[in-house]
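Asker: Quick one: the structure is below, and I'll ask about it shortly.
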Amino acid sequence: MNVPQNITRKIMAAHLKEGELVLGTEIGLAIDQTLVHDATGQMAMLQFEALGFPRTATKRSLIYSDHNILQVTYENADDHAFLASAAKRFGLHYSKTGNGICHQVNLERFAAPGETLLGADSHTTTGGAVGQLAIGAGGLDVAVAMGGRPFFLPMPKVIRLVLTGSLPEWTRPKDLALEILRRLTVSGGRGAILEFDGPGLSSLSVPDRATVANMSIETGAVTAVFPSDERTRAFLKSQNREEDYQPLAADPDAAYDDHLTIDLSTLEPLAAAPPSPDNVAKVSALKGIKVDQVAIGSCTNSTFADMVTVAAILKGHKVHPDVSLIIAPGSKQVLTELANRGALPDMIAAGARMMESACGFCNGVGQAPRTKGVSLRTSNRNFPGRSGTPSAELYLVSPETAAVSALAGAITDPRTFGRPYEVVWPDKFVIDDSMILPPAPPAPPEDLPAIVRGPNIAPLPVFSAPPETIAGPVMLALSDNVTTDDILPAGAHILALRSNIPAISRYIFSNIDSTYPERQKKAGSGFVAAGRNYGQGSSREHAALAPRYLGLSGVVAVSFARIHKANLCNFGILPLELVDPLVLAKLSPGDDLVLKGFSAGLRPGAVLTMENSTAKVKFEVKLDVSRRQLDMLLAGGLLAMEAKKR
Ligand code: MIC
Ligand code: SF4
């Protein structure tokens, strides 16, 4: 008799290459699709090349140009030329600048139920909206998957998230995403997949589900997955891709590791107040806070439905004189539909600043708010500094709350605005994939287009194996929930250096302690001490690669976020978990630490003794990694390990 299965296990079983679906053990999954973009793709493609793969071996691999688009000087354009040429040569599709944000375009044009997607971006989870198992990872993991090898992760637990009821007027999927964060916090989803179920689902369209799947990563979850049902079929049909539809649901009586129920009808408009997406408050409680900027867009809320609703709210009104309203439709398709259906003139007439279909304001690439300014945003992260202005206060809200507040000049509960606007979903969207360039057909290497390398494309750094005794000072002692934005800040000028590790390494921890890079380089070796959930947030592997380049040997933390921990192992930085979290208080900057016995004889999960020779205390750390990761760490990282094999 077949055991009833949930959706996660069904997709995993169909893609399982290594291991068994046993909670916490390492599994290797076959990957159907991959995506990278112009913040993570440069490293991924350099690494793909260094690994010696001749051509991608997935069903489809894509590079999107959407993050690095300001082109203030030559760096961004150099990166784009490199990426476009690497795509052509190595068999990837290249989505040109202006075609849209990777997750929005991928949802529209490529996401398919039952498939696996690995993306070098944490919000790859968006694909879960159509029943795709869509996971974010570091660029090196994606490079390996592009070459046709499995993607490894510890088998997550599966949390059944049951939705009942339906959302009240003016309460939107963004409010549901925020409610989930309120309940789970930024670490409550760690090691889990959120699998949606229940009668409330039928009231949510695929774009609605996309907002929720997108923000699932903010709870620390591996991803979120929705069933594929009639709403999915309707969405795929509107994208002229009905052939990609297949129904997908959990079997009745399928087992889960945990449960959570949310009655949608009890929700109301919510906001994440600074400084973290889980600092959730009712919009009604924040009402009256003056806003300087309202920014609508990002991969969380830039679909046609979001934008057309915003246009309907703005129609016939003017943006408050003290507010700068920024609108970035998520894709060329969304922008075209807004233009064709007359919604764009309503936005323009209201006084909106129309932006390119790209990430833009979301991670500080333009439109930085004024000093100590209040910015209301429809995006997914409000970490300090992410907007490009460290002192700005960022609130995350639904497009409806954002639009109504832009008119009022202050945070405003949209329920006070009148009747909500009903979105009429087009039967067919305008389909024009002409900005997605196909790869060159397979050919002998000498007949393939050359890779274009401008001065911003620096060679990959090479790392060697660590010694058996690793000694070095505590460089920084940090608290809980350190984000990768803290380790490597967002913002256009730093983003421009993503293909140049020596140059970008000068910004590591720059918002926390700008002396870190120099000190770390001088010390040669060293450790960072931190609390829980170290490395939460984005997938940027530069937050591991660049510290390693500077000489960081290990991070001693209470716990780690999944993607960042994998990135640390990939680049040979030891993720050392404190057996006793209270030891953290005994680690001060400047203390000398010694770790002995880091040798080939170690087993995964080994507990090692470290000594703080300054404070004269010994303590235990656990190397909670797989055999594969331990081998990588012993070799000095994944690339070093692969080079040894050849
Ligand atoms: C983000 O939202 O933080 C980013 C920029 O999209 C990152 C990618 C990166 O920084 O390389 C992410 O989420 O992974
Ligand atoms: Fe781009 Fe922002 Fe989405 Fe990251 S979260 S992919 S920066 S829109």
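The values are calculated or read from the model by the stated rules, or taken from the named source; none is laboratory data. Predicted, not measured: the structure shown is a model, and the values here were computed from it. Cβ: placed from backbone, ideal geometry, glycine included. Neighbour counts: every protein chain shown. When the accessible area is computed, the model is the full protein with side chains, heavy atoms only, and any ligands, DNA or RNA have been set aside. Shrake-Rupley method; radii C 1.70, N 1.55, O 1.52, S 1.80 Å.
Asker: How big is the dipole moment of segment 134-203 about its Cα centre under a simple scheme where the beta carbon of each Lys and Arg is +1, that of each Asp and Glu is -1, and everything else is neutral? Debye, nearest 20, please.
Answerer: 200
Asker: Using a probe of 1.4 angstrom, how much of the accessible area of the chain is carbon and sulfur, in percent?
Answerer: Carbon and sulfur together cover 53 percent of it.
Asker: Quick one: work out the % antiparallel among DSSP beta bridges in segment 510-646, nearest 5.
Answerer: DSSP beta bridges in segment 510-646 are roughly 55 percent antiparallel.
Asker: Quick one: ranking Thr125, Thr614 by accessible area, 1.4 Å probe, largest first, what do you get?
Answerer: Accessible-area ranking of Thr125, Thr614, largest first: Thr614, Thr125.
Asker: Something else about it: What size of dipole, in debye to the nearest 20, comes out for segment 275-412 about its Cα centre when the only charges are +1 on Lys and Arg C-beta atoms and -1 on Asp and Glu C-beta atoms?
Answerer: 180
Asker: Report the per residue volume, in Å³, of the convex hull enclosing the C-alpha atoms of segment 209-277.
Answerer: Once divided by residue count, the hull of segment 209-277 is 159 Å³.
Asker: Toward the positive end of the charge dipole of segment 581-646, about the Cα centre and with charges on Cβ (Lys, Arg +1; Asp, Glu -1), which of Gly590, Gly601, Val621 goes farthest?
Answerer: Of the options given, the answer is Gly601.
Asker: To test your reading of the geometry: what angle, between 0 and 90 degrees and rounded to tens, separates the Cα axis of helix 206-215 from the longest principal axis of the chain?
Answerer: 30
Asker: Sticking with this structure for a sec: Loop-only check: which trypsin sites (Lys or Arg not before Pro) in segment 357-465 are DSSP coil with at most 12 other Cβ within 10 angstrom?
Answerer: Sparse-neighbourhood loop trypsin sites (Lys or Arg not before Pro): Lys372, Lys428.
Asker: Taking GluC sites (Glu not before Pro) as exposed when DSSP calls them loop (any state but H, G, I, E, B) and at most 16 other Cβ atoms lie within 10 Å, what is the longest stretch of the chain free of them, the sites themselves excluded?
Answerer: By the stated rule (loop sites, at most 16 other Cβ atoms within 10 Å), 170-421.
Asker: Okay, next question. Which of the lysines could be linked to Lys332 by a straight reach, that is with a Cα gap under 19 Å, when you skip same-chain ones fewer than 8 residues away?
Answerer: Lys96, Lys237, Lys428
Asker: Are there chymotrypsin sites (Phe, Trp or Tyr not before Pro) in segment 1-98 that DSSP puts in a loop and that have at most 16 other Cβ atoms within 10 Å, and which ones?
Answerer: none
Asker: Please give the charge dipole size of the chain, origin at the Cα centre, charges +1 on K and R Cβ atoms and -1 on D and E Cβ atoms. Round to the nearest 20 debye.
Answerer: Roughly 900 debye, rounded to the nearest 20.
Asker: Starting from the Cα gyration tensor of segment 403-455, take the square roots of the eigenvalues, sort them a ≥ b ≥ c, and report rounded, prolate or oblate (rounded when a/c is under 1.5, otherwise prolate if a/b is larger than b/c, else oblate).
Answerer: Taking the square roots of the gyration eigenvalues as a ≥ b ≥ c, segment 403-455 is oblate.
Asker: Only bridges with both residues in the chain count here: give the DSSP antiparallel percent, nearest 5.
Answerer: 35
Asker: A further question follows. Placing +1 on the Cβ of each Lys and Arg and -1 on the Cβ of each Asp and Glu in the chain, which of Pro449, Val72, Val36 has its Cα farthest towards the positive end of the resulting dipole?
Answerer: Projecting each Cα onto the dipole axis, the largest value belongs to Val72.
Asker: If you don't mind, there's one more thing I want to ask. Given a cut-off of 30 Å, name the pairs among Lys17/Lys622; Lys565/Lys586; Lys521/Lys644; Lys521/Lys586 whose C-alpha atoms lie farther apart than that in the structure shown.
Answerer: In this structure, not one pair exceeds 30 Å between Cα atoms.
Asker: Okay, next question. Hey, can you find the accessible area per residue of the chain for me, probe 1.4 Å, expressed in square angstrom?
Answerer: Heavy-atom SASA per residue in the chain reads 35 Å².
Asker: Sticking with this structure for a sec: Can you give the helix-only mean residue ellipticity at 222 nm for the chain, where every DSSP H stretch with n ≥ 4 adds -39500 (n - 2.57) and the sum goes over all residues, rounded to the nearest 500 deg cm²/dmol?
Answerer: Computed ellipticity for the chain at 222 nm equals -7500 deg cm²/dmol.
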